[in-house]
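Laboratory data are not the source of any read-out in this text; all were calculated from the coordinates shown. Being a predicted model, the structure only gives us computed values, none of them experimental. In this analysis, Cβ positions are derived from the backbone assuming ideal geometry, glycine residues included, and neighbour counts consider all displayed protein chains.
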Amino acid sequence: MFEDYRGVWVFIEQNEGSIEGVSLELLGAGKKLAEKLEVPLAGILLGHQISALANEVIYYGADKVFVIDHPVLETYRTESFMKGVNDLARKYKPEIFLYGATPNGKDLASAVATDLSTGLTADTTMLDVEPTTRLLEASRPAFGGNIMATILCKKHRPQMATVRPKVMKALERNSERTGEIIQESIDLSEETMRTKVLKIVRDTAKATNLADAHVIVCGGKGMGDPKGFELIHELAEVLGASVGGTRDVVEAGWLPHEQQVGQTGETVTPKLYFAIGISGAIQHVVGMKNSEMIIAINKNPEAAIFDVATYGIVGDALEILPILIEELKQELHVEGGEVNYAGKV
């Protein structure tokens with residue numbers, strides 16, 4: 001029965017004509033799985049007037065793109081998108097289907113899994129496949145982040161998973177890649193939809209966007225108290241960086257939730273990440289381990305954070321940070337509250 005299911009699919013989430021970054025990341029991850037299984041990688045693109053995006057999906061690794069372009073699909077609704085995806089899945093029978101763990105991606109994946117009577121692994125952070133059994137090995141933190149659980153879907157197809165943004169690597173865009181674009185139709189009308197999109201209201205409140213930050217200074221409960229944590233803010237100000245914290249810091253009220261890094265917060269991939277007073281619990285590490293450079297400060301030489309750090313400093317952060325801040329101020333020429341990097345960073 002499973003012999004009829006072949007191919008790796010990625011749901012391509014797009015918003016106002018732009019492909020979401022997590023979808024490009026999943027094309028990179030999906031390409032590795034497809035190569036191991038010796039099958040094509042396909043992107044699934046739904047929307048209205050989005051056919052021009054199909055080539056971009058190919059440029060980022062897809063061998064083929066299934067496109068459903070329809071006015072009813074202009075804005076995301078579970079009912080319409082689920083029908084489109086289910087129609088394609090029943091017709092072409094993929095063996096692996098990946099979605100971004102975004103609000104829309106998680107909503108759609110769970111609806112599709114229910115309708116197709118298959119399994120779904122949520123918030124995956126690692127993906128692999130066993131070529132002999134063709135089983136998708138979807139791994140995610142479990143039991144509060146204390147262990148990594150690898151989940152298999154042995155009895156149903158397609159094997160599905162949602163994957164957190166920023167944990168996979170997108171391929172380099174290659175505009176010379178070619179692939180097959182398959183236009184599909186769908187039987188939909190606005191009159192039959194049970195929900196209507198009346199208005200889209202955008203949140204204009206200014207919020208910290210850690211996911212896009214190039215430099216992040218992240219502090220943990222090792223900073224002792226809110227007064228000690230002020231050193232994290234001082235270092236971030238000197239570097240022109242964003243401030244992050246662990247779950248313990250957020251639960252203590254030292255930072256708002258949107259500045260939490262880790263399994264239940266943001267997944268980040270900055271060029272430079274400071275992990276200060278952080279032990280290195282897996283639920284935090286999963287959210288920052290793909291940073292280009294990690295500098296850790298902890299007074300415990302056995303702290304797990306040093307296992308993922310590029311550079312480590314063993315010592316009391318409350319003693320080290322004031323010295324580091326003063327040195328950086330001189331080195332980076334902080335003048336009038338502004339940082340002049342002068343080519344040093």
- Query: Nearest 10 degrees, 0 to 90: what angle lies between the long axis of helix 21-37 and the longest principal axis of the chain (Cα atoms)?
  - Reply: 60
- With springs only between Cα atoms under 10 Å apart, run a GNM on the chain and tell me which of Asn86, Asn104, Asn174 wobbles the most. Asn174
- Item | For Ile68, net neighbour charge (Lys/Arg +1, Asp/Glu -1) across residues whose Cβ lies under 10 Å away | -2
- Task: In a Gaussian network model over the chain where Cα atoms closer than 10 Å are linked, find which of Gly228, Gly47, Gly244 has the largest mean-square fluctuation.
- Result: Gly228
- Message: How far apart, in nanometres, would the label points at Ser185 and Glu74 be if each is projected 7 angstrom from Cα along the Cα-to-Cβ direction?
- Response: 2.2
- Message: Using only the alpha-carbon atoms, how far is helix 317-332 inclined from the longest principal axis of the chain? Give it as 0 to 90 degrees, nearest 10.
- Response: 90
- Note on the structure: From the cross-link list Lys83/Lys106; Lys36/Lys271; Lys32/Lys166; Lys169/Lys196; Lys36/Lys93; Lys93/Lys196, the entries with a Cα-Cα span beyond 25 Å are Lys36/Lys271; Lys169/Lys196; Lys93/Lys196
- Query: Mean separation of Cα pairs under 8 Å and 6+ residues apart, divided by the residue count of segment 148-257: what relative contact order is that in percent?
  - Reply: 20
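Can you give the local net charge around Gly312? Use residues other than it whose beta-carbon is closer than 13 angstrom to its beta-carbon, Lys and Arg +1, Asp and Glu -1.
So the environment of Gly312 carries a net charge of -1.
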- To the nearest 10 degrees, how steeply does helix 103-116 sit against the main Cα axis of the chain, on a 0 to 90 scale? 40
- Message: Within the chain, which is the longest segment that contains none of the GluC sites (Glu not before Pro) sitting in a DSSP loop with at most 10 other Cβ atoms within 10 Å?
- Response: 39-171
- Note on the structure: Restricting to Cα pairs under 8 Å and 6 or more apart, the percent relative contact order of the chain works out to 14
- Where does each of 273-284, 115-126 land if you order them by average Cβ count within 10 Å, highest first? 273-284, 115-126
- Ellipticity estimate at 222 nm from DSSP helix runs (n ≥ 4, -39,500 (n - 2.57)) divided over the chain, nearest 500: -8000 deg cm²/dmol
- Roughly how many nanometres apart are two label points built 7 Å out from the Cα toward the Cβ at Asp225 and Glu237? 2.0
- How fast does segment 1-158 diffuse by Stokes-Einstein, in µm²/s, taking the Kirkwood radius from C-alpha pairs at 20 °C and 1.002 mPa s? 136
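For segment 238-340, which trypsin sites (Lys or Arg not before Pro) are in a loop by DSSP, counting at most 13 other Cβ atoms within 10 Å? Mind dumping the intermediate values first?
On the way: sites: Arg247, Lys271, Lys289, Lys299, Lys329; in loops: Lys271, Lys289, Lys299.
The qualifying sites are Lys271.
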- Note on the structure: the chain, Gaussian network, Cα under 10 Å: of Arg134, Arg194, Arg164, the residue fluctuating most is Arg194
- Query: In segment 92-161, what chymotrypsin sites (Phe, Trp or Tyr not before Pro) fall in a loop by DSSP, with at most 14 other Cβ atoms inside 10 Å?
  - Reply: Phe143
- Taking the alpha-carbon centroid of each part, what is the distance from segment 118-138 to segment 280-336 in angstrom? 34
